[in-house]
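Below: the structure, in structure tokens.
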């Protein structure tokens, strides 16, 4: 019988997360070389770290800072990849595949994740 897990997923170690990122980028058909993939992952790890530092800010501050970080990230990607169009494709890929997040992740989102397939196992009295 599968165990029920409430709350956020367990934290992954950085090596596991890096391996998953490599696999995702290779399967994304962006045409990145191994060296470029390594650069993209390093830049994104830096951005994740900065995003996690936003927890004590209000929504307007988070949004402004997130926009500044995305601009900085795009600039870093353009430099690392040597191709403005490819850098924008990588940014678009990450935005498209980010998915909704709950609060506390530094993204300012109040979106709730979608319900699990088959609905919730919680019962409500009406």
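List of remarks:
- Using the Cβ-Cβ distance between residue 53 and residue 33 with R0 set to 22 Å, the FRET efficiency from 1/(1 + (r/R0)^6) comes to roughly 0.10.
- Residue 67 paired with residue 17, simple spin-label distance in nm, labels 7 Å along Cα-to-beta-carbon: 2.7 nm
Any read-out appearing in this document is the output of simple, stated calculations on the displayed coordinates, not a laboratory observation. Given the structure is predicted, the values throughout are model-derived calculations rather than measurements. We place every Cβ from the backbone using ideal geometry, glycine too, and count neighbours over all the protein chains shown.
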